[in-house]
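Below is one structure, written out as structure tokens; comments come after it.
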Amino acid sequence: MTTKSVAAATVHGYPRQGGNRKLKKAIEGYWKGTVTAQALLATAAELRRSNWKQLAEAGVQEVPTGDFSLYDHVLDTTVAVGAIPARHRDAVAADPLDGYFAMARGTQQAPPLEMTKWFDTNYHYLVPELGPDTAFAANPDKAVAELGEALALGHTARPVLVGPITYLLLAKPAPGVAADFQPLTLLDRLLPVYAQLLAALRAAGAEWVQLDEPALVQDRSAAELNAAARAYRELGALTDRPKLLVASYFDRLGEALPVLAKAPVEGLALDFTGPAAGNLSDLAAVGGLSGKRLVAGVVDGRNIWINDLEKSLATLGTLLGLAETVDVATSCSLLHVPLDADAERDVDPQIHRWLAFAKQKAAEVSLLARGLREGTGAITAQLAANRADLASRATSPITRDPAVRTRAAAVTDADARRAQSYPQRAEAQRARLQLPPLPTTTIGSFPQTAELRTARADLTAGRIDAAAYRERMRDEVREVIAYQEKAGLDVLVHGEPERNDMVQYFAEQLTGYLATRHGWVQSYGTRYVRPPVLAGDISRPQPMTTDWYTYAQSLTDRPVKGMLTGPVTMLAWSFVRDDQPLADTARQVALALRDEVTDLEAAGAAVIQVDEPALRETLPLRAAERPAYLDWATESFRLTTSGVRADTQIHTHMCYAEFGAIMTAIDDLDADVISLEATRSRMEVAGELAEAGYPREVGPGVWDIHSPRVPSPEEALELLRVGLAAIPADRLWVNPDCGLKTRAWPETRASIDSLVTAARTLRTELTG
């Protein structure tokens with residue numbers, strides 16, 4: 001790849017799960033003891049071969065390796081650089097595979113690594129834990145082995161690693177290390193380890209290695225930019241290394257672009273889609289990449305709409321004058337999109353023309369590379385078909401509903417504000433609910449058992465009718481309510497047995513959304529979701545949850561929460577339309593949900609929870625874009641919830657994100673109670689809320705539901721005491737970190753017993 005005429009096609013990464021989520025099933029089988037380690041690793045190798053074959057057949061000439069993971073690529077990097085937490089070292093030494101999963105999931109003896117969102121996506125990574133005593137050690141086995149597999153199959157392959165700057169910036173101080181410790185201070189200790197990894201890959205046959213540095217698209221201090229310059233100056237100066245391709249994605253590089261453009265590396269991979277489109281003018285401003293390879297991400301790797309081929313070719317044509325070599329790529333790893341749109345045989349044929357999943361995006365990249373190499377005359381027919389598909393979407397009545405647009409345009413500022421202040425509401429709610437100090441509750445869902453999944457599959461397959469399915473779900477609601485009463489919880493939930501997913505369930509009942517059958521995307525580990533496709537204007541034809549709420553409340557005298565997913569999360573966990581501003585779409589969704597809130601209150605709901613776990617993850621990566629986002633995001637939540645009476649208590653929930661950057665926005669939501677993930681961070685968020693002067697009620701989680709560990713009552717009590725040091729008792733709730741959908745009943749019962757016991761113990765201590 002030394003001349004401009006090559007224009008090769010490549011991608012940053014590919015979905016890991018395989019067809020029918022084959023990897024998920026193999027891993028969970030291993031955890032259950034029904035699949036051997038040998039069989040699991042054989043399945044993983046088979047899926048890697050299949051991925052490379054699919055890419056090659058699509059016309060991708062250089063395939064990535066090392067992007068495949070059994071759980072998380074950041075955890076893989078932790079293993080590769082030897083940064084194993086002390087509490088897991090014995091397990092890793094005894095059995096590397098079991099030790100790897102112990103870091104991800106925890107054991108009864110050792111909690112897992114903290115988990116949080118990967119930049120502004122719904123993918124979760126495992127946070128490295130580092131400290132002044134961290135001793136790195138190179139472990140290139142995985143990277144070398146997977147490169148060898150690809151080369152043996154005849155592929156041109158490029159290993160992919162998380163870059164050293166991003167790895168350190170994603171890390172946090174290890175337990176017991178001072179909170180102000182900066183992992184980036186370990187750079188000089190880490191770079192020799194990367195040098196060893198690069199040398200091992202070169203020896204194994206790597207011509208190029210990709211080092212991913214997405215952290216550099218965020219606002220970075222001068223010290224951080226200097227660290228990046230030094231890192232790549234030192235790595236570039238190595239003699240025993242492959243060629244280096246430094247990759248960024250999700251936004252424009254900004255101040256980091258001239259740093260990397262001057263670095264002694266052979267190539268840069270830049271994103272030219274969405275908010276990263278500014279990389280084009282920025283690249284011209286720094287004089288291009290003289291003598292370097294540019295991998296141009298012109299196909300959106302995060303959304304599922306077809307590419308505007310002519311627009312991408314125009315961008316590529318401009319880039320030809322700005323680098324020695326221009327290759328064509330997706331904007332980022334295709335990890336963030338489903339595998340194959342052709343599997344969606346139930347989709348409206350018109351809409352199907354507008355969709356491109358991972359397999360189709362690889363073909364788009366290949367087609368663009370061909371057009372760049374051979375000229376547009378070589379792909380005339382494909383360009384004409386693409387123009388027709390784009391025009392079909394732009395003019396389709398599926399995408400526009402005049403009534404929805406008229407209602408959204410009529411919204412006023414007053415529509416998005418509660419009529420009473422929080423102190424007035426709190427007094428009315430306490431009088432109505434009569435809850436004890438430190439009230440206990442759960443977040444919403446209870447275990448989705450095999451029996452529930454079977455009933456859902458039977459309904460889909462026609463083996464049972466809707467009436468039989470409904471009765472089965474009502475049986476489950478009855479059991480869940482009875483269990484919660486017996487366990488001693490104060491505010492109950494119906495358990496959500498009828499819900500397949502917290503976004504998909506609502507999307508299937510709203511106009512404008514499209515649900516897929518096979519559009520699985522990895523959220524974390526073996527947790528996969530099917531994000532619905534937001535294709536048109538949104539409205540609610542009829543109530544979605546009131547019947548389930550009414551039935552559950554009829555079974556108990558204790559308050560049952562009405563449960564909804566908030567408008568920002570409905571957008572963030574969907575493949576959202578890209579043909580209008582997100583703020584416009586959020587307002588449409590908020591109005592549809594507002595109708596549901598009104599109906600729940602009319603049905604008697606005293607507590608209504610509107611979950612917004614995605615509020616933080618959707619925060620723009622650049623600070624300059626954040627105020628506008630937070631304005632419409634918080635407005636859409638308030639528009640959903642502001643029509644209720646003073647004595648109706650509005651809850652919201654957030655999980656697995658760093659909340660410090662949005663404390664003002666959390667206050668602007670004006671929810672009466674907020675529950676947040678807090679266990680893995682040891683109640684860090686409680687202190688952040690207290691420091692910010694948050695005035696409302698808070699439920700920081702005391703049980704990490706993403707781990708099979710059962711917390712003891714003493715552990716839960718210890719966390720509660722930390723929470724109580726920051727949040728007064730009259731504003732502190734007791735709850736898990738998140739919903740219980742993925743947990744089994746035995747651990748759920750045991751953990752809730754611990755939670756309730758801890759709350760009662762602390763109540764007794766407080767009241768004497």
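The values are calculated or read from the model by the stated rules, or taken from the named source; none is laboratory data. Here the structure is a predicted model, which means the values were calculated and not measured. No Cβ is skipped: glycine too gets one built from the backbone with ideal geometry, and neighbour counts run over all protein chains shown. Quick note on the areas: whole protein, heavy atoms, side chains included, nothing else; ligands and nucleic acids left out. Shrake-Rupley method; radii C 1.70, N 1.55, O 1.52, S 1.80 Å.
In this structure, Ala431 does not qualify as open to solvent by less than 60 Å² (accessible area, probe 1.4 Å) and either within 22 Å of Thr641 (Cα to Cα) or assigned to a helix (DSSP H, G or I) (or both).
A Cβ distance below 9 Å, combined with a sequence gap of six or more or placement on separate chains, defines the contacts here; from segment 688-700, residues that are within 19 Å of Ile443 (Cα to Cα) and among the acidic types (Asp, Glu) reach residues that are open to solvent by less than 10 Å² (accessible area, probe 1.4 Å) and in a helix (DSSP H, G or I) in the pairs Glu697/Ala426. Taking only segment 81-110 into account, find how many residues are without any contact (Cβ under 8 Å) to a residue 12 or more places away in the chain and among the charged types (D, E, K, R). Counting residues in segment 81-110 that are without any contact (Cβ under 8 Å) to a residue 12 or more places away in the chain and among the charged types (D, E, K, R) gives 4. Restricting Asp631, Asp647, Asp595 to those that are open to solvent by 30 Å² or more (accessible area, probe 1.4 Å), touching a Pro at 6+ places or on another chain (Cβ under 9 Å) and of a type outside the set (A, V, I, L, M) reduces the list to Asp595.
Return yes or no: is Ala590 out of contact with any Lys or Arg (no Cβ under 6 Å at 6 or more places or on another chain), crowded, with 24+ Cβ neighbours inside 10 Å and without any contact (Cβ under 8 Å) to a residue 60 or more places away in the chain? The answer is yes for Ala590.
If you go through segment 278-301 and keep only what is outside any helix (DSSP H, G or I), crowded, with 16+ Cβ neighbours inside 10 Å and not aliphatic (A, V, I, L, M), you end up with Gly288, Lys292, Arg293, Gly297, Asp300, Gly301. Taken over segment 364-376, residues that are assigned to a helix (DSSP H, G or I) and surrounded by fewer than 20 Cβ atoms within 10 Å (Cβ to Cβ) amount to 4. Just give me the residues in segment 731-743 being at pLDDT 95 or above and surrounded by fewer than 20 Cβ atoms within 10 Å (Cβ to Cβ), in sequence order. If the condition is that a residue be at pLDDT 95 or above and surrounded by fewer than 20 Cβ atoms within 10 Å (Cβ to Cβ), then Arg731 is the only one that fits. Only one entry of Ala384, Ala410 meets the criterion of being of a type in the set (Gly, Ala, Ser), more than 30 Å from Val328 (Cα to Cα), out of contact with any strand residue (DSSP E or B) (no Cβ under 9 Å at 6 or more places or on another chain) and without any contact (Cβ under 8 Å) to a residue 40 or more places away in the chain, and that entry is Ala410. Take Leu313 and decide whether it is hydrophobic (A, V, I, L, M, F, W, C) and either part of a helix (DSSP H, G or I) or touching a His at 6+ places or on another chain (Cβ under 8 Å) (or both). Yes; evaluated as a whole, the condition is true for this residue. Among the residues making up segment 115-128, those that are touching an Asp or Glu at 6+ places or on another chain (Cβ under 8 Å) and not in a loop (DSSP other than H, G, I, E, B) are Thr116, Lys117, His124, Tyr125, Leu126. Scanning segment 410-428 for residues that are within 27 Å of Gly512 (Cα to Cα), in a helix (DSSP H, G or I) and open to solvent by less than 80 Å² (accessible area, probe 1.4 Å) turns up Ala414, Asp415, Ala416. Does Ile379 meet the test of being of a type in the set (A, V, I, L, M), more than 30 Å from Trp118 (Cβ to Cβ) and assigned to a helix (DSSP H, G or I)? Against the criterion (of a type in the set (A, V, I, L, M), more than 30 Å from Trp118 (Cβ to Cβ) and assigned to a helix (DSSP H, G or I)), Ile379 qualifies. Residue count for segment 328-363 under the criterion of being assigned to a loop (DSSP other than H, G, I, E, B), open to solvent by 30 Å² or more (accessible area, probe 1.4 Å) and among the polar types (S, T, N, Q): the result is 0.
If the condition is being over 26 Å from the mean Cα position of the chain (by Cα) and open to solvent by less than 20 Å² (accessible area, probe 1.4 Å), then segment 302-327 contributes Leu309, Ser312, Leu316, Leu319, Ala323, Thr325, Val326, Asp327. When segment 128-151 is filtered for residues that are of a type in the set (A, V, I, L, M) and surrounded by fewer than 21 Cβ atoms within 10 Å (Cβ to Cβ), the ones remaining, listed by number, are Ala135, Ala137, Ala138, Val144, Ala145, Leu151. In the set (1) free of Cβ contacts under 8 Å to residues at least 40 places away in the same chain; (2) buried (at least 21 other Cβ atoms within 10 Å of the Cβ); (3) touching a helix residue (DSSP H, G or I) at 6+ places or on another chain (Cβ under 7 Å), the condition left unmet by Val685 is number (3).
Before we move on, is Gly154 within 20 Å of Arg48 (Cα to Cα), assigned to a loop (DSSP other than H, G, I, E, B) and either modelled with pLDDT under 95 or open to solvent by 10 Å² or more (accessible area, probe 1.4 Å) (or both)?
yes
Of the residues making up segment 387-407, those that are within 30 Å of His651 (Cα to Cα), in contact (Cβ under 8 Å) with a residue 12 or more places away in the chain and open to solvent by 80 Å² or more (accessible area, probe 1.4 Å) number 1.
Selection of segment 449-476 for residues being closer than 22 Å to Gln553 by Cβ and surrounded by 14 or more Cβ atoms within 10 Å (Cβ to Cβ) yields Leu452, Tyr469, Arg470, Arg472, Met473, Arg474, Glu476.
Looking at this structure, is Val710 under 20 Å from Pro436 (Cα atoms), in a loop (DSSP other than H, G, I, E, B), in contact (Cβ under 8 Å) with a residue 40 or more places away in the chain and open to solvent by less than 40 Å² (accessible area, probe 1.4 Å)? Here the answer is no, as Val710 does not meet what is asked.
The listed residues are Arg417, Arg456, Arg425, and the only one of them that is basic (Lys, Arg) and out of contact with any helix residue (DSSP H, G or I) (no Cβ under 9 Å at 6 or more places or on another chain) turns out to be Arg425.
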